[in-house]
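**Q** The structure follows.
The values are calculated or read from the model by the stated rules, or taken from the named source; none is laboratory data. Source: prediction; values computed, not measured. Because the Cβ atoms are built from the backbone with ideal geometry, glycine has one as well, and the counts that use them run over all protein chains shown. Areas reflect the complete protein model, heavy atoms only, side chains present, ligands, DNA and RNA absent. Shrake-Rupley method; radii C 1.70, N 1.55, O 1.52, S 1.80 Å.
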Amino acid sequence: MPSERATGALAESSSQSTNAAADSNIDHAASIRYWNSVPATSNAMLAMLGNYPWYSRIDLRGSKTFLAKVRRMIPSCPTEGKLKLAVDCGAGVGRVTEGFLSHVCEVTDVVEPVAKFTQVLHDGALKRSGVVGDIYTLGIESWNPDKKYDLIWTQFCVGHLTDIQLLQYFIRCRGALTETGIVVVKENMSTDPHGDDMYDDEDSSVTRTDEKFRSIFNEAGMTVITSELQLGFPKNFKLLPVRFYALRPKS
């Protein structure tokens, strides 16, 4: 479901724990309604990041550093130059595509369910120049890749999927990688004091625990080759932790 969500800047008090499985509360139609209420502009997306002008800069720089580290960990993966083909899953209006992926990948496909967001990408300079490749206007829970990717980047969007949908998504991603391909997941982490996932009724999404993510990755046949927290966010803002996972198929 949508959408390079801005909840990387979500304050800790903004999400709610539930006694029932948090993902049972997800309402895909409500998620789409929420994201359709957000203007299809980069400024609006930055506003959703909490109106913190420094947030996107730190976020993108952290992603570039993490990917460079991961590429050095994979035998035969080129460590210099651009990767040939990536896909930005839950891309929104292309903040991550434009600010990061376009600098490290020759072509980036886009998966995003909100049509007014993908229209921005259709009309943009990156599409005209060929840097943005195919644009799929659908949720990642419905995306069935028919290509092999060097990088599948999934950021701030999997909270809109149920656990079962997320498992199935990673199984499809596993089959859509090149020989040295990488799946990177970048997401908020639950801070629930009882160690539970947290449901947010504003955009009908779930913030999962590290334990839950690792369980789903394992069940999907993926190995976490490295994982780390995004650093650099000022602690006084009390934002939810953001964690990277780099995944490869189990050998």
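**Q** Return yes or no: is S215 open to solvent by 60 Å² or more (accessible area, probe 1.4 Å) and either in contact with a Lys or Arg (Cβ under 8 Å, 6 or more places away or on another chain) or without any contact (Cβ under 8 Å) to a residue 60 or more places away in the chain (or both)? Explain how you work it out, then say what you get.
**A** Numbers: open to solvent by 60 Å² or more (accessible area, probe 1.4 Å): yes; either in contact with a Lys or Arg (Cβ under 8 Å, 6 or more places away or on another chain) or without any contact (Cβ under 8 Å) to a residue 60 or more places away in the chain (or both): yes.
Taking the combined requirement at face value, the residue satisfies it.
**Q** Residue by residue through region 170-208, note down the ones that are closer than 30 Å to S76 by Cβ and open to solvent by 20 Å² or more (accessible area, probe 1.4 Å). Let's see the steps before the verdict.
**A** Taking region 170-208 first, the residues closer than 30 Å to S76 by Cβ are 170-187.
I171, R172, R174, G175, T178, E179, T180, listed by residue number.
**Q** Kindly indicate whether any position in region 163-174 is of a type in the set (K, R) and free of Cβ contacts under 8 Å to residues at least 40 places away in the same chain. Let's see the steps before the verdict.
**A** Our first condition is that a residue be of a type in the set (K, R); within region 163-174, this holds for 172, 174.
The next check asks that each one be free of Cβ contacts under 8 Å to residues at least 40 places away in the same chain; those that pass are 172.
Yes: one or more hits.
**Q** Could you check, for region 125-148, whether at least one of its residues is buried (at least 21 other Cβ atoms within 10 Å of the Cβ), under 26 Å from I32 (Cβ atoms) and without any contact (Cβ under 8 Å) to a residue 40 or more places away in the chain?
**A** Yes: one or more hits.
**Q** So, one more: Which ones in region 28-52 are at pLDDT below 70, open to solvent by 50 Å² or more (accessible area, probe 1.4 Å) and assigned to a loop (DSSP other than H, G, I, E, B)?
**A** P39, T41, N51, Y52
**Q** Could you check region 95-112 and list, in sequence order, the residues that are closer than 18 Å to N36 by Cβ and either assigned to a helix (DSSP H, G or I) or at pLDDT below 95 (or both)?
**A** Going residue by residue through region 95-112, those that are closer than 18 Å to N36 by Cβ are 95, 110-112.
Once the filter is applied, which keeps residues that are closer than 18 Å to N36 by Cβ and either assigned to a helix (DSSP H, G or I) or at pLDDT below 95 (or both), region 95-112 yields only R95.
**Q** So if I check each of V70, V111, which one is closer than 18 Å to C157 by Cβ and crowded, with 17+ Cβ neighbours inside 10 Å?
**A** V111
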